[in-house]
1. Please count how many residues of the range 241-285 are buried (at least 24 other Cβ atoms within 10 Å of the Cβ) and either within 16 Å of the ligand (Cβ to nearest atom) or not hydrophobic (A, V, I, L, M, F, W, C) (or both).
2. With respect to Lys23, determine if the residue is open to solvent by 20 Å² or more (accessible area, probe 1.4 Å), touching a residue at least 40 places away in the same chain (Cβ under 8 Å) and not assigned by TED's automatic domain parsing to the domain that holds Glu259.
3. Taking Ala221 as meeting all but one of (1) within 16 Å of the ligand (Cβ to nearest atom); (2) in a helix (DSSP H, G or I), write down the number of the exception.
4. Return the pairs, sorted by first residue and then second, in which the second residue is in a helix (DSSP H, G or I) and within 8 Å of the ligand (Cβ to nearest atom), the first residue lies in the range 220-240 and is free of Cβ contacts under 8 Å to residues at least 24 places away in the same chain, the beta carbons are less than 9 Å apart, and the residues are 6+ apart or on different chains.
5. Would you pick out the residues in the range 91-106 that are open to solvent by less than 10 Å² (accessible area, probe 1.4 Å) and touching a strand residue (DSSP E or B) at 6+ places or on another chain (Cβ under 6 Å)?
6. Spot the failing condition for Ile232; the list is (1) closer than 21 Å to Pro103 by Cβ; (2) within 16 Å of the ligand (Cβ to nearest atom); (3) touching a strand residue (DSSP E or B) at 6+ places or on another chain (Cβ under 7 Å), and only one is missed.
7. Search the range 354-381 for residues that are closer than 26 Å to Ala256 by Cβ and not assigned by TED's automatic domain parsing to the domain that holds Ile315 and pair each with any residue that is open to solvent by 40 Å² or more (accessible area, probe 1.4 Å) and within 10 Å of the ligand (Cβ to nearest atom) when their beta-carbon atoms are under 8 Å apart and the residues are at least 6 apart or on different chains.
8. Please verify whether the range 349-367 includes one or more residues that are away from the ligand (no atom under 14 Å from the Cβ), in contact with an Asp or Glu (Cβ under 7 Å, 6 or more places away or on another chain) and open to solvent by less than 60 Å² (accessible area, probe 1.4 Å).
Amino acid sequence: MEYGFSETQVMIRDLCRKIAEEKIKPIRAHYDESNEFPREIIKVFADADLSGLYIEEAYGGMGGGVMDLSIAVEEFSKACSGIALSLAATALGTFPIILFGTPEQKQQYLPRIAKGQAMAAFGLTEAGAGSDASGIQTTAVLDGDHYVLNGTKQWITNGGEADIYTVIAITNRSKGPRGASAFIVEKDAPGFTFGKKENKMGIRASATRELVFQDCRIPKANLLSKEGMGFIVAMKTLDQSRPGVAAQALGIAAGALEEAVRYSRERRQFGKPIAAFQGLQFMLADMATQVEAARTLVYAAARYIDSGAKEVSKISAMAKLFASDTAMRVTTDAVQVLGGYGYMKEYPVEKMMRDAKITQIYEGTNQIQREVIALALIKEAASQKK
Ligand code: COS
């Protein structure tokens, strides 16, 4: 199926599929095992002109949107979602600049990201502030021409590897969520260091680190939008980025389905391929139907965002919720189809099952997604009554 792709999107899909097959599949087990960051593949993305898929052409990008990014993330995630995440997490760190940056800020940062010369990351979460994003403690205090940041961000994807960080910090605690502000912090800013690298269950090719700010001085010009807009910057960014997590989950599920179908045609028991047994056929049929339903919702969300629609929180959260729950179910079933072999590291489905789990957790747990969806429903109903 072509899913109504434009010619460019078909090209992006085919190119990413080729890279996934030829460059990612052969190395995925190594990076999963070693917990190292796959620098070599970042260069492949850049050389293939894929780093700036979602960045305006005026800033050196390809001028696509969330849909083009989702196509790439899906294809790469079929092979390895940890490796694909370096691209998606750079997009997460770049969206605040795309959405809220001044022309000067865009000119300063976007071309480097678009050309693959710089990676980005997004710093919101802290040890005590996960779902409760407005509970962050990191502070930013204006001192002459600089802001001075103090605090620690936790579990930051691309941490230590990225060159450009968008960071949410409190500038006026008495104002609650309206007291947060968003900043661009470069890796070499004085007072900015990195904490321990996490040892994770899945997506192990992805770097997850703490960001530590100790009297970190950044130019005043690195404030994004206005003081007090940090929470809104964060929420709008997540609205834009959640389809990327959904695309990652979709890719994982689709990759696991491919493995399950292939194996069930090869594996023989009781004198015939296990694909000939109806119990297994029903499992494969359910898995495929769930993958297709997730794909439809992910593409709908991405296209809706790209259309310039204003209220995108609901569909974005729905896509993330549905695709990630699908990834968990489908990968678990894929392990079941492969049986004892599925549980072994020689086959990729056990890794896919481990990788799937995080998609139900990060960029807002699926409990938070349900809250976002319900709040949007209530808001819509209230506005219809007026
Ligand atoms: N777009 C624009 N504005 C938004 C918004 C959005 N998507 N979501 C919330 N806001 C606004 C609200 O309208 C409100 O504005 P006012 O101050 O004018 O009333 C303000 O932001 C505060 O919103 P709210 O009261 O709903 O904030 P809560 O603290 O209750 O938080 C949730 C809402 C739970 C939805 C939010 O904290 C969240 O998404 N948490 C998960 C964070 C997350 O995804 N973390 C993962 C790590 S980041 S990779």
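The values are calculated or read from the model by the stated rules, or taken from the named source; none is laboratory data. Only a predicted model underlies this, so the values are computations on that prediction, with no experimental measurement involved. Neighbour counts are summed over all protein chains in view; Cβ atoms, including those assigned to glycine, are modelled from backbone coordinates with ideal geometry. Accessible surface is based on the protein model in full, side chains and every heavy atom, while ligands, DNA and RNA are left aside. Shrake-Rupley method; radii C 1.70, N 1.55, O 1.52, S 1.80 Å.
1. Count: 11.
2. Taking the combined requirement at face value, the residue does not satisfy it.
3. (1)
4. What qualifies is Ile232/Pro177; Ile232/Arg178.
5. Residues satisfying the conditions are Gly93, Thr94, Pro96.
6. (3)
7. none
8. At the first step, the residues of the range 349-367 found to be away from the ligand (no atom under 14 Å from the Cβ) are 349-357.
After this cut, where a residue has to be in contact with an Asp or Glu (Cβ under 7 Å, 6 or more places away or on another chain) as well, the list is 349, 351.
In the following step, the residues that additionally are open to solvent by less than 60 Å² (accessible area, probe 1.4 Å) were identified as 349, 351.
Scanning the range 349-367, I find at least one residue that is away from the ligand (no atom under 14 Å from the Cβ), in contact with an Asp or Glu (Cβ under 7 Å, 6 or more places away or on another chain) and open to solvent by less than 60 Å² (accessible area, probe 1.4 Å), so the answer is yes.
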